[in-house]
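Chemist: If you scroll down you'll find the structure; I have some questions about it.
The values are calculated or read from the model by the stated rules, or taken from the named source; none is laboratory data. Not measured: the values here are computed from a predicted model. Neighbour counts are summed over all protein chains in view; Cβ atoms, including those assigned to glycine, are modelled from backbone coordinates with ideal geometry. Heavy atoms of the whole protein, side chains included, go into the accessibility calculation; ligands, DNA and RNA do not. Shrake-Rupley method; radii C 1.70, N 1.55, O 1.52, S 1.80 Å.
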Amino acid sequence: MDDEQQRPGHGPLSGFTVGVTAARRADELGVLLQRRGATVVHAPALRIVPLAEDGELLTATKELVDNAPDVVVATTAIGFRGWVEAADGWGLGEELLARLRSVELLARGPKVKGAVRAQGLTEQWSPSSESMAEVLDRLLDEGVDGRRIAVQLHGEPLPGFVESLRAAGAEVVLVPVYRWMPPEDIAPVDRLLDAVLTRGVDALTFTSAPAAASLLSRAEERGLRAEFLAALRHDVLPACVGPVTALPLQAAGLDTVQPERFRLGPLVQLLCQELPGRARTLPIAGHQVEIRGHAVVVDGALRPVPPAGMSLLRALARRPGWVVARAELLRALPGSGRDEHAVETAMARLRTALGAPKLIHTVVKRGYRLALDPAADAKYADA
């Protein structure tokens, strides 16, 4: 396994750790990341509770079957499928589908459109942006005064959307197919938060706005919101599947990265570009050394490094070519005590892991420094 990890043919995400907050399709996202070499930490920030047994959904379905709306807005594929399946369970499936064939059916994006067509229905319109704002603009442009509009909710209320329709004179019927709830076991979320704070992950992925809001809320509950935001602002890359997902993070003042196409595949490809692009590459002792999250690429070969060794290497790389004192390196070690021999032990293991001991020079009675190539000394002289 070690030989396989160290050979040049490593994946673009080898040496990086990615946090996954998704509740559904987490396995699919995890597999896509792992195939490209990433180490994955999964902590579902919420759970989806289907409402097939919920009286609220049954009441809304009966109301729409008995009293046809003018427009139905389908917002998520899983929600639309869940609604039809629940109606089937109540013996109302055919009546619901017949009703949906007779109304103006709008689908928020291609995935929802696919779920609609799988039921033998045809949508009247679907935005290319997958944006509820675009759906709202279309409805308001058409005019909604006096019209009855049913909105299939996607796990959380849509107050701005619903309020705008009602303010324009529409009667809005809400169809709550499932709800987001906090996870039953909060421990994985807390471990992921701790990993973010200690920079034990290099990127954090979000595939739904409720998951982002849930993680922010948990950080707030633990009194860690400021530290959490600082980590995402400076060191840990927040990556969202699309602009709607990013809203809670942006509201907290964070910049996020998003793929042009709002899918898991493009999200992973974006990470394959972003994370290696953020890695530090230095010419050291005649070698090209790329410092990744928990590994180092030396002349194209991936070399896994223990956490203590990575802490030392990052401390040295902040001032490449300069001598870093043992006392400063001791402070950089995770859980460091007062014994500077811990630095020597961790340094010995780091040199072994790198496979090229001469990358790091010992400066007697002073500390250690990276053996930066002479041609690069001038570049980093004022670092």
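Let's see how each residue does on (1) in a loop (DSSP other than H, G, I, E, B); (2) within 20 Å of ALA115 (Cα to Cα):
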| position | (1), (2) |
| --- | --- |
| LEU58 | no, no |
| ALA68 | yes, no |
| VAL84 | no, yes |
| GLU94 | no, yes |
| LEU97 | no, yes |
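Chemist: Report yes if some residue within the stretch 108-116 is free of Cβ contacts under 8 Å to residues at least 60 places away in the same chain, under 24 Å from ALA246 (Cβ atoms), out of contact with any Lys or Arg (no Cβ under 7 Å at 6 or more places or on another chain) and not in a helix (DSSP H, G or I); otherwise report no.
Modeler: For the stretch 108-116, residues free of Cβ contacts under 8 Å to residues at least 60 places away in the same chain, under 24 Å from ALA246 (Cβ atoms), out of contact with any Lys or Arg (no Cβ under 7 Å at 6 or more places or on another chain) and not in a helix (DSSP H, G or I): present.
Chemist: Please determine, by comparing only the residues of the stretch 196-238 that are among the hydroxyl-bearing types (Ser, Thr, Tyr) and outside any helix (DSSP H, G or I), which one is modelled with the lowest pLDDT.
Modeler: The selected residue is SER208.
Chemist: Now for a different question. Given the options ARG349, ARG338, name the one that is surrounded by fewer than 18 Cβ atoms within 10 Å (Cβ to Cβ), more than 34 Å from the chain's Cα centre (by Cα) and among the charged types (D, E, K, R).
Modeler: None of the others qualify; the one that does is ARG338.
Chemist: Just to be sure I understand, how many residues within the stretch 254-296 are open to solvent by 20 Å² or more (accessible area, probe 1.4 Å), of a type outside the set (S, T, N, Q), under 18 Å from ALA315 (Cα atoms) and not in a loop (DSSP other than H, G, I, E, B)?
Modeler: Selection size over the stretch 254-296: 4.
Chemist: Can you tell me which residues in the stretch 201-228 are under 21 Å from VAL40 (Cα atoms) and either aromatic (Phe, Trp, Tyr) or surrounded by fewer than 19 Cβ atoms within 10 Å (Cβ to Cβ) (or both)?
Modeler: Of everything in the stretch 201-228, those that are under 21 Å from VAL40 (Cα atoms) and either aromatic (Phe, Trp, Tyr) or surrounded by fewer than 19 Cβ atoms within 10 Å (Cβ to Cβ) (or both) turn out to be PHE206, PHE228.
Chemist: For residues that are among the aliphatic types (A, V, I, L, M) and open to solvent by less than 50 Å² (accessible area, probe 1.4 Å), scanning just the stretch 73-85, find the one that is modelled with the lowest pLDDT.
Modeler: Within the stretch 73-85, the match that is modelled with the lowest pLDDT is ALA77.
Chemist: Could you check the stretch 183-195 and list, in sequence order, the residues that are in contact (Cβ under 8 Å) with a residue 12 or more places away in the chain and outside any loop (DSSP other than H, G, I, E, B)?
Modeler: Answer for the stretch 183-195, where residues must be in contact (Cβ under 8 Å) with a residue 12 or more places away in the chain and outside any loop (DSSP other than H, G, I, E, B): PRO188, VAL189, ASP190, ARG191, LEU192, LEU193, ALA195.
Chemist: Let me ask you something else. For the condition open to solvent by 40 Å² or more (accessible area, probe 1.4 Å) and within 30 Å of ASP235 (Cα to Cα), what is the one hit in ASP66, ASP88, ASP27, ASP70?
Modeler: Of ASP66, ASP88, ASP27, ASP70, the one residue that is open to solvent by 40 Å² or more (accessible area, probe 1.4 Å) and within 30 Å of ASP235 (Cα to Cα) is ASP27.
Chemist: Sort out which residues of the stretch 313-356 are of a type in the set (A, V, I, L, M), farther than 18 Å from ILE284 by Cα, in a helix (DSSP H, G or I) and in contact with a strand residue (DSSP E or B) (Cβ under 7 Å, 6 or more places away or on another chain), and write them in order of number.
Modeler: Once the filter is applied, which keeps residues that are of a type in the set (A, V, I, L, M), farther than 18 Å from ILE284 by Cα, in a helix (DSSP H, G or I) and in contact with a strand residue (DSSP E or B) (Cβ under 7 Å, 6 or more places away or on another chain), the stretch 313-356 yields only LEU329.
Chemist: Now for a separate question. Out of the stretch 127-142, which residues are more than 21 Å from ALA246 (Cα to Cα) and open to solvent by less than 30 Å² (accessible area, probe 1.4 Å)?
Modeler: Passing the criteria: only LEU139.
Chemist: Given (1) assigned to a loop (DSSP other than H, G, I, E, B); (2) within 29 Å of GLU260 (Cβ to Cβ); (3) out of contact with any Gly (no Cβ under 8 Å at 6 or more places or on another chain); (4) free of Cβ contacts under 8 Å to residues at least 24 places away in the same chain, identify the lone condition not met by GLU123.
Modeler: Looking at each condition in turn, GLU123 falls short on (4).
Chemist: From the residues in the stretch 229-253 that are open to solvent by 50 Å² or more (accessible area, probe 1.4 Å) and of a type in the set (A, V, I, L, M), which one is farthest from the chain's Cα centre (by Cα)?
Modeler: Among residues in the stretch 229-253 that are open to solvent by 50 Å² or more (accessible area, probe 1.4 Å) and of a type in the set (A, V, I, L, M), the one farthest from the chain's Cα centre (by Cα) is ALA251.
Chemist: Within the group THR256, THR245, which residue is among the hydroxyl-bearing types (Ser, Thr, Tyr), in contact with a Pro (Cβ under 6 Å, 6 or more places away or on another chain) and more than 19 Å from THR198 (Cβ to Cβ)?
Modeler: Being among the hydroxyl-bearing types (Ser, Thr, Tyr), in contact with a Pro (Cβ under 6 Å, 6 or more places away or on another chain) and more than 19 Å from THR198 (Cβ to Cβ) holds for just one of THR256, THR245, which is THR256.
Chemist: Return yes when ARG117 is touching a helix residue (DSSP H, G or I) at 6+ places or on another chain (Cβ under 8 Å), of a type outside the set (Ser, Thr, Tyr) and open to solvent by 30 Å² or more (accessible area, probe 1.4 Å) and no when it is not.
Modeler: Answer is no for this residue.
Chemist: Being of a type in the set (D, E, K, R), modelled with pLDDT under 95 and within 21 Å of ALA22 (Cβ to Cβ) is the filter; apply it to the stretch 152-193 and report the residue that is surrounded by the most Cβ atoms within 10 Å (Cβ to Cβ).
Modeler: ARG179
Chemist: In the stretch 361-369, is there at least one residue being under 36 Å from the mean Cα position of the chain (by Cα) and at pLDDT below 90?
Modeler: Scanning the stretch 361-369, I find no residue that is under 36 Å from the mean Cα position of the chain (by Cα) and at pLDDT below 90, so the answer is no.
Chemist: Could you say which residue among VAL41, VAL49 is touching a helix residue (DSSP H, G or I) at 6+ places or on another chain (Cβ under 7 Å), β-branched (Val, Ile, Thr) and part of a strand (DSSP E or B)?
Modeler: VAL41
Chemist: Looking at (1) open to solvent by less than 40 Å² (accessible area, probe 1.4 Å); (2) assigned to a loop (DSSP other than H, G, I, E, B), which one does MET310 not meet, given that it meets all the others?
Modeler: If we test MET310 against (1) open to solvent by less than 40 Å² (accessible area, probe 1.4 Å); (2) assigned to a loop (DSSP other than H, G, I, E, B), just (2) comes out false.
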